[in-house]
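Let me begin by presenting the structure, written as structure tokens, before commenting on it.
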Amino acid sequence: MLKIIISLMFIGCKLAEYQPGPEADAKINTYESEISPDGSHQLTVETTNGIIIQEQGVAGFQASGQSLYVAPDGTPIQLLYTADEFGFHPQGDHLPKPPPIPEAILRSLEWNAAHAKAEYQRKSKH
């Protein structure tokens, strides 16, 4: 019985082993990288499996670019981004979207904005 269990464990491990897909053999077709003395840069990478990466930026202050590829399910993915002193800002149809703000919360925020000065003045008199 122990031999059967050990044999099944080995078979399970073999079946769970990583199986590289066709993407594992992708090669780089184009690689262009320019870094200027002022720190600005440009990068372009294209691979045999259709991945395209482009980026340009200014020495530690700002960068922007895009990535294009096809997801495993066949969906074309385009990611546009900027990165600056305010953070990383990605854009793409594949990224999750926040749910809409409920109507009651929107009305509350509008009321707060419209009455903020009066509320502040009333509290400061006490």
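The values are calculated or read from the model by the stated rules, or taken from the named source; none is laboratory data. Worth saying up front: this structure is predicted, and the values here are computed from it rather than measured. Backbone-built Cβ (ideal geometry, glycine too); neighbour counts: all protein chains shown.
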**OP:** Restricting attention to the stretch 14-48, report how many residues are outside any strand (DSSP E or B) and either among the charged types (D, E, K, R) or surrounded by 15 or more Cβ atoms within 10 Å (Cβ to Cβ) (or both).
**Re:** 7
Original post:
Would you say Ala83 is in a strand (DSSP E or B), modelled with pLDDT under 95 and either among the hydrophobic types (A, V, I, L, M, F, W, C) or at negative phi (or both)?
Top reply: yes
Original post:
Given (1) in contact with a strand residue (DSSP E or B) (Cβ under 6 Å, 6 or more places away or on another chain); (2) surrounded by 10 or more Cβ atoms within 10 Å (Cβ to Cβ); (3) at pLDDT below 95; (4) not aromatic (Phe, Trp, Tyr), where does Asn112 come up short, assuming only one miss?
Top reply: (1)
Original post:
Pairs, please: C-beta under 7 Å, at least 6 apart or cross-chain, first residue closer than 29 Å to Thr75 by Cβ and in the stretch 31-51, second assigned to a strand (DSSP E or B) and hydroxyl-bearing (Ser, Thr, Tyr)?
Top reply: Glu32/Thr44; Leu43/Ser33; Thr44/Thr30; Val45/Thr30; Val45/Tyr31; Glu46/Thr30; Gly50/Tyr69; Ile51/Tyr69
**OP:** Could you figure out which of (1) aliphatic (A, V, I, L, M); (2) surrounded by fewer than 13 Cβ atoms within 10 Å (Cβ to Cβ); (3) touching a Gly at 6+ places or on another chain (Cβ under 8 Å) isn't true of Val70?
**Re:** (2)
